[in-house]
Amino acid sequence: ARAAGLGERRVVFTDTLASSEHIAAKSHADVFLDTPVYNAHVTAGDAIWAGILLVVMPLESMAARISASFSFAFPGAIFVARNREEYRETAVALARRPLFRARLKRRLLLERASSPLFNVELWVTHFEAAILMALESESTSSSLGAMGSKGVRGGG
């Protein structure tokens, strides 16, 4: 922080907190810098719920791409960097623009409840539909398997 011209009190590291204190403590932050190799996953979701802007840099593995996928639900509140330089520049630019951060945080807090990312009822509906599709697919596969060697390939 010092090298970038930011006060040392602007970057805060915390110990592990009880879940009841976790999101409340996060709400004091403005920007969450996610680690590129292994993203924050649920912690990033908690940060978004707390109104914190995210800076992420997705890499190749799935574990390194989770937070970037949240940008589809919150465009403009999650900054997806293409490389390390852009990641650093974005973090520094956000740190130096308090009014911009505040405006984005207000918007994020207003939009979070209506976002598909936090819509549990919609998620349950989609999950139930996926289970029914999987069961239907399994049933269809079992029926095809019962056809024996004269089935789909016409063997026999």
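The values are calculated or read from the model by the stated rules, or taken from the named source; none is laboratory data. Everything numeric in this text was worked out from a predicted model, so none of it was measured. For neighbour counting, all protein chains shown are included, and Cβ atoms are generated from backbone atoms with ideal geometry for every residue, glycine included. Note: areas computed on protein heavy atoms with side chains; ligands, DNA, RNA excluded. Shrake-Rupley method; radii C 1.70, N 1.55, O 1.52, S 1.80 Å.
For an R0 of 22 angstrom, estimate the FRET efficiency from the Cβ-Cβ distance between ASN83 and ARG107 and round to the nearest 0.05. Each step should come with its number before you reach the end.
Working: r = 27 Å, r/R0 = 1.21.
So, using R0 = 22 Å, E works out to roughly 0.25.
Find the relative contact order for the range 1-59 and round it to a whole percent, using C-alpha pairs within less than 8 Å whose residues are 6+ positions apart. This gives 32 percent for the range 1-59.
Suppose all protein chains stay in the model; what accessible area per residue would a 1.4 Å probe give for the range 1-82, in Å²? Could the numbers behind the result be given before it?
Working: 4990 Å² over 82 residues.
On a per-residue basis, the range 1-82 sits at 61 Å².
For the chain, the relative contact order comes to 16 percent (Cα pairs under 8 Å, sequence separation of at least 6). Connecting C-alpha atoms closer than 10 Å in a GNM of the chain, tell me which of THR90, THR14, THR43 has the biggest fluctuation. In this elastic network of the chain, the residue with the biggest mean-square fluctuation among THR90, THR14, THR43 is THR14. Highest average first, the peptides 127-136, 25-34, 99-108, 47-56 ordered by how many other beta carbon atoms sit within 10 Å of their residues are 47-56, 25-34, 99-108, 127-136.
Here the spin labels are modelled as points 7 Å beyond Cα on the Cα-Cβ line, and at LEU99 and SER71 they lie 2.6 nm apart. The GluC sites (Glu not before Pro) of the range 18-122 that DSSP puts in a loop, and whose beta carbon has at most 13 other beta carbons within 10 Å, are GLU60.
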